[in-house]
Amino acid sequence: MSAFPPAATPAGLQGPRRKLIHATLFEIFAITIVTVAMKLWSDKDVGASLGLAVSCSVTAVLWNMAYNTLFEAWERRQADRRRTVLRRAMHALGFEAGLAIMTVPMIAWWLEVGWWPALLADLGLMAFFLFYTFAFNWLFDHIFGLPASALAAAPELGGSGQP
């Protein structure tokens, strides 16, 4: 039993609305973090760093929507729908790997650096965001409740009916 159980899912906070709120909050924090990190790491000014952060954010939002839709479709087919530490870690790793494929070329072009420095910058961001994604999603679920895909099946379907 968790010391901090998820909140009951608020009525209506499912599907596209849930995804929109999740992605918006996640990206507001991400833009701030990436802007500061890129400004400190590169010789670019705040405007260029902010431009890169917004570009990465738009890419991440689109990827977030696609990835979470695929993840939740997979999750619905699982006998055990609990979001364990392992499931959350695998979710975060899969998301970050897909995002890196898109952002390394973007970082290289935007900061006018080679592939190696861009990959190192992306790996640094990925290491940070791996923990950030895990913590953000855990807190989001505890504040807003679990999505329908993670809720146990109703008793008449053979489940316990408990999240």
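The values are calculated or read from the model by the stated rules, or taken from the named source; none is laboratory data. If you're wondering where the values come from, they're calculated on a predicted model, not measured in any experiment. Cβ atoms come from the backbone with ideal geometry, glycine included; neighbour counts cover every protein chain shown.
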Next on the checklist: Suppose we filter ARG76, ARG81 for residues that are of a type outside the set (Ser, Thr, Tyr), within 20 Å of PHE140 (Cβ to Cβ), out of contact with any Gly (no Cβ under 7 Å at 6 or more places or on another chain) and buried (at least 16 other Cβ atoms within 10 Å of the Cβ); which single one remains?
Outcome noted: ARG81
Item to check | Which listed residue is of a type in the set (Val, Ile, Thr) and modelled with pLDDT of 90 or more, from THR133, THR103 | outcome: THR103
